[in-house]
Amino acid sequence: MIAPSILSADFARLADELAAIEGSDWVHVDVMDGHFVPNLTLGLPIVEALLKATDIPMDCHLMISDPDRWAVGYAEAGAHNVTVHAEAAGDPTRIARDLRAAGAKAGLSIKPGTPLDPWLDVLREYDTLLIMSVEPGFGGQSFIPDVLDKVRTARRLVDTGHLTVLVEIDGGINPDTITQAAEAGVDCFVAGSAVYGAADPSRAITALRDQARTANPRFTPA
C-alpha cells in the first residue's frame, strides 16, 4: 500500500493535489499542533473539507498533545484510519476502542527512539502500527534505517499470529529506501516528496508500489 502524504503537497491547491494521486491506497494527512511537535499544519476543519474532495481512504496521523480528547473527532468525521502517538496518549487502550466505536481503524505510532516492546500488549487493541523513520514534525528528512529492527519484530509477531496490525512506515520513503523497508516487512508506505515532488505523482505511486512488490513477493498476488 502507498499512502502519499499531503504534507508535501501544495496547500493552496489541496483538492487538485488529491486528484493527482487517484489510484493511491490511502492519503496520509499529518495533523500537527505545534506542541507535541514543533510544527503547525492543519486540523479537523481542513480534514472535513478534504473528506468531501476525495474518495481515497484518509489516514490521519495525529502528531498532537492530548489525543485522548481530540482523536475521536477525526473518526466521527469519516477518516478511515486515525493514528495517535504512544508518547502522547494518556489511555491508549480507551482511545483505540473509542476510535473503533466511531467507525475508524485505530493506529498507534512510535517515534524512532521509542522502543516497541512496552507497547506490544496495547497493540492488540489496534489495527495499525505506524513506525516513524524520521523524527516527527517536518517532511523531507532522511530515512533512519535503525528503525527497521522494529519493523522486523512487528512483522514476525504479525506473521506468527501474536499481533494483527498492519505495519506502516513514515519518513524518508523514496525509491532509494522503499526496497529495504519492504524487505523488512512493511505493509503500507507513507511517501511525501517522492510522490508530490515527481513530475507525475500517479506514475510515482505505481513505481513505488512496483518496487515494494519486487522486494517482497508477499505483496504479489498468487
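Just so it is clear, none of the values below were taken in a lab; they were calculated from the coordinates. Quick caveat: nothing in here was measured; it's all calculated off a predicted structure. Positions of Cβ are generated from backbone atoms using ideal geometry, with glycine treated the same way; all protein chains shown enter the neighbour counts.
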(request) Let me have the relative contact order for the stretch 99-222, percent, based on Cα pairs under 8 Å that are six or more residues apart. (result) 21 percent
(message) Please report the net charge: other residues with Cβ closer than 10 Å to the Cβ of A9, K and R +1, D and E -1.
(response) -2
(request) Go ahead and collect, in residue order, the members of the stretch 188-209 whose backbone nitrogen is under 17 Å from a label point 7 Å along the Cα-Cβ direction of R13. (result) 193-204
(message) Connecting C-alpha atoms closer than 10 Å in a GNM of the chain, tell me which of A79, A71, A101 has the biggest fluctuation.
(response) A101
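Nearest 5 is fine: what % of DSSP beta bridges in the chain come out antiparallel, could you say? Provide the component values of the computation, followed by the final result.
Working: 1 of 32 bridges.
In the chain, approximately 5 percent of DSSP beta bridges are antiparallel ones.
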(message) Could you work out the relative contact order of the chain? I mean the mean sequence separation of Cα pairs under 8 Å and 6+ apart, divided by the number of residues, in percent.
(response) 19 percent
(request) Find how many whole Å separate the alpha carbon centroid of the stretch 151-222 from the alpha carbon centroid of the stretch 37-60. (result) 22 Å
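Please state the equivalent ellipsoid semi-axes for the stretch 77-222: what are the square roots of 5 times the Cα gyration tensor eigenvalues, largest first, in whole Å?
On the way: eigenvalues 121, 59, 49 Å².
Semi-axes, largest first: 25, 17, 16 Å.
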(request) Please identify, among G171, G161, G90, the residue showing maximal mean-square fluctuation in a Gaussian network model of the chain using a 10 angstrom Cα cutoff. (result) G161
(message) I need the GluC sites (Glu not before Pro) found in the stretch 1-87, filtered to DSSP loop residues with at most 16 other beta carbons within 10 Å of theirs.
(response) E22, E87
(message) Per residue of the stretch 2-18, what does 6.51 cos²θ - 1.76 cosθ + 1.60 with θ = phi - 60° give for ³J(HN,Hα)? Whole Hz please, x for Gly and Pro, Karplus curve as stated.
(response) 10, 10, x, 9, 6, 4, 9, 7, 7, 5, 7, 9, 5, 4, 5, 5, 5
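Around K105, under 12 Å between beta carbons, what's the net of Lys plus Arg minus Asp minus Glu among the other residues? Show your work: numbers first, answer last.
Working: positive: R100; negative: D59, E125, D127, E168.
Around K105, the charge tally is -3.
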